[in-house]
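Here the structure comes first, spelled out in structure tokens, and everything after it is commentary.
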Amino acid sequence: QVQLVESGGGSVQTGGSLRLVCAVSGRTADIFGMGWFRQRGRGRDFLAAVEWRSGKEYYMPSVKDRFTVSRDNDKNFLYLQMDSLVPGDTGVYYCGASRLYTHASEFGYDYWGQGTQVTVSS
């Protein structure tokens, strides 16, 4: 089992920044990829992912210039640096861990955190 706990959400104004943190524990040796998703209603939208060992990064094109995913796999943390935030970025942000792939679909992830709320006001 892998346990994930997100933190770092909050309320910011347009143009602000936040850094989300996902603390990873348990069987981290089982992790191949980790991703960040946003939920604003039904379903979770892919934002960014990283291969846990290699560090190779993947992004949804719409956030690539504003969001940066990174990981510290010595200390078992996943990060999402979010800059130039806009109201459309409001939602609940989740980190997920996959045992086999680095997915852009939420259905490819085996473990999820509880989510952290991000609210961007105009």
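Computed values, structure above
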{"read-out": "Selection from region 1-17 of residues that are surrounded by 12 or more Cβ atoms within 10 Å (Cβ to Cβ) and within 15 Å of Trp112 (Cα to Cα)", "value": "Val2, Gln3, Leu4, Val5, Glu6, Ser7"}
{"read-out": "All positions within region 84-106 that are more than 19 Å from Gly55 (Cα to Cα), crowded, with 19+ Cβ neighbours inside 10 Å and among the small types (Gly, Ala, Ser)", "value": "Gly91"}
{"read-out": "Strands (runs of 3 or more DSSP E) within region 44-122 that include 2 or more residues within 14 Å of the chain's Cα centre (by Cα) and aromatic (Phe, Trp, Tyr)", "value": "57-59, 77-82, 91-98"}
{"read-out": "Close pairs (8 angstrom Cβ cut-off, 6 or more residues apart or separate chains): hydroxyl-bearing (Ser, Thr, Tyr) in region 27-55, surrounded by 14 or more Cβ atoms within 10 Å (Cβ to Cβ) and not in a loop (DSSP other than H, G, I, E, B) anywhere", "value": "Thr28/Val2"}
{"read-out": "Restricting region 1-43 to residues that are over 13 Å from Phe77 (Cβ atoms) and among the hydroxyl-bearing types (Ser, Thr, Tyr), the residue that is farthest from the chain's Cα centre (by Cα)", "value": "Thr14"}
{"read-out": "Filtered residues of region 18-43 (kept if open to solvent by 10 Å² or more (accessible area, probe 1.4 Å), in a loop (DSSP other than H, G, I, E, B) and either closer than 19 Å to Gln3 by Cα or of a type in the set (Lys, Arg) (or both))", "value": "Arg27, Phe32, Arg40, Arg42"}
{"read-out": "Residues of region 44-83 satisfying the condition of being open to solvent by 40 Å² or more (accessible area, probe 1.4 Å) and of a type in the set (Gly, Ala, Ser)", "value": "Ser54, Ser62, Ser70"}
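The values are calculated or read from the model by the stated rules, or taken from the named source; none is laboratory data. Fair warning: this is a prediction, and the values are worked out from it, not measured in the lab. Ideal geometry is used to build each Cβ from the backbone, glycine not excepted, and the neighbour counts take in all protein chains shown. Please note that ligands, DNA and RNA were not included when accessible areas were found on the heavy atoms of the full protein model with its side chains. Shrake-Rupley method; radii C 1.70, N 1.55, O 1.52, S 1.80 Å.
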